[in-house]
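Just so it is clear, none of the values below were taken in a lab; they were calculated from the coordinates. Values in this document were obtained by computation on a predicted structure and should not be read as measured data. Every residue, glycine among them, receives a Cβ derived from its backbone with ideal geometry; neighbour counts consider all protein chains shown.
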Amino acid sequence: MAAFHFELVSPERLLFAGDVESVVVPGAEGAFTVLKDHAPVMSVLRPGIVEVDESHTKKQRLFVRGGFADVSSHGLTILAELAIPLEDLDAAKIDKQIQDAEEDLNDAVSAEAKRLASEKLDQLREVRAVLSI
């Protein structure tokens, strides 16, 4: 299979840069697979899993929470709001963080504190939902 260049970037770091055979992207309108010479497209990302096939034997899976995917003649670039390798996620830790976030939301007094606690809780639930897949 022919290879193309792929980069996955989050605000914290460059998580992946290299040649790959295919990438499955969780687009806002549905998942799509990018192969070499894919038509140019830009898509908003939904929370989900990016599946990277570097070769038949080497694959990676990363959780992304929002962002953009840009397919061009130069390859695929994903700019993610948050990206975490799946092996770095622990369901038990996420469950505990959800419980703590629920308590923070219940204890919040101001509208701003409630909004921030609610956003954090939603983000944690998105991560947990992906782990259940």
| Most mobile listed residue (Gly75, Gly30, Gly66) in the chain, GNM with C-alpha springs under 10 Å | Gly30
| For the range 89-131, taking Cα atoms only, what is the radius of gyration to one decimal and the Dmax to the nearest whole Å? | 10.6, 32
| query | Hey, in the GNM for the chain with a 10 angstrom Cα cutoff, which one of Val20, Val41, Val50 fluctuates hardest? | reply | Val41
| request: Run through every distinct alpha carbon pair of the chain and return the Kirkwood hydrodynamic radius in angstroms, one decimal place. | output: 15.9
| field | Theoretical ellipticity at 222 nm over the chain - DSSP helices of four or more residues, -39500 (n - 2.57) apiece, nearest 500 | value | -10000 deg cm²/dmol
| In the range 69-133, what GluC sites (Glu not before Pro) fall in a loop by DSSP, with at most 10 other Cβ atoms inside 10 Å? | none
| note | One checks the Cα atoms of the range 54-131 and finds Rg and Dmax, in Å, of 16.4, 53
| field | Potential extension, Glu7-Glu102 segment - 0.36 nm per residue separation minus Cα distance | value | 30.7 nm
| message | For a Förster distance of 22 Å, can you work out the FRET efficiency between the beta-carbons of Lys120 and Val24, rounded to the nearest 0.05? | response | 0.20
| request: Would you mind computing, in nm to one decimal, how far apart the modelled labels at Ala129 and Asp88 are, each placed 7 Å from Cα along Cα→Cβ? | output: 2.2
| message | Kirkwood Rh and Cα-based Rg: tell me the resulting Rg over Rh for the range 1-72, rounded to two decimals. | response | 0.92
